[in-house]
1. Sort 45-56, 84-95 by packing, meaning the average of other beta carbons within 10 Å per residue, with the highest value first.
2. Treating only the Cβ atoms of Lys and Arg (+1) and Asp and Glu (-1) as charged, compute the dipole magnitude of the range 13-140 about its Cα centre; round to the nearest 20 debye.
3. Determine, from the Cβ-Cβ distance of ASN141 and ASN37 and an R0 of 30 Å, the FRET efficiency 1/(1 + (r/R0)^6), rounded to the nearest 0.05.
4. Could you work out how far apart the two model spin labels at ARG132 and ILE14 are, taking each label as a point 7 Å from the Cα in the direction of the beta carbon, and quote it in nm?
5. In nm, to one decimal, how far is the SER102 label point from the THR90 one, both placed 7 Å along Cα→Cβ?
Amino acid sequence: MLNLKQRQCGLTLIELIVAIVILGGAMVSMAAVMQANARSSASASRQAQAVVLARAVLTRLDSQPFANLPACSPTPVTQALPDGTGNPVTGYSASLLVSCPSWPNVTTANDIKQLTLTVNILAADDGGTLNRVQLDSYRANYPAGKVTRLP
C-alpha cells in the first residue's frame, strides 16, 4: 500500500506535455519576430543601396556642364542605374524629372534647374515597387558676367 506521506518525485506525463506546448508556442513567436527583423534589415540595406545609386547618378549629372543637362520637362525620364562596371543594376528603377523653378532676381527662366531623381526599389517576385528614394539637386547657370546673388 502507498504511503500518503511519501513525496512525489518527478513530473507526470500531463505536466510534461503542457510544458512542451508552452515552450513550443514561445519558440514559434520568437521565430516570427526574428523573421520580421531579418526582413526589416534587408529592406534597410536595399534602401541604403538605393540612396548610394541615386547619389551616384546625381553626382554624374552635377559634374556635367549646365548646357549638357536635360531640358526642363514636366514628364520624368527613365534613368539608367549602372553598377561600378557599367552594367545595369537589377532590382531598382529610376526616373529623372528636370524642372525650371522660378527664383527672384533670376532673369532667364532656364538659368536654374531642379533635378529630382526617384529610385524605385522593386520587389523580387512581381516587379512591383516596395519603396522609393527621392533626391533633389539644384543647378544654376553662371555664365561670365551674369552672376547674381539670390536672396
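1. Ranking, from highest mean packing down: 45-56, 84-95.
2. Computed about the Cα centre, the dipole is about 280 debye.
3. Numbers: r = 48 Å, r/R0 = 1.61.
Between ASN141 and ASN37 the formula returns 0.05.
4. 6.1
5. Spacing of the two 7 Å Cα→Cβ label points: 4.8 nm.
None of the figures in this text is laboratory data; all of them are computed from the coordinates on show. From a predicted model like this one, the values you see are computed outputs, not experimental measurements. Positions of Cβ are generated from backbone atoms using ideal geometry, with glycine treated the same way; all protein chains shown enter the neighbour counts.
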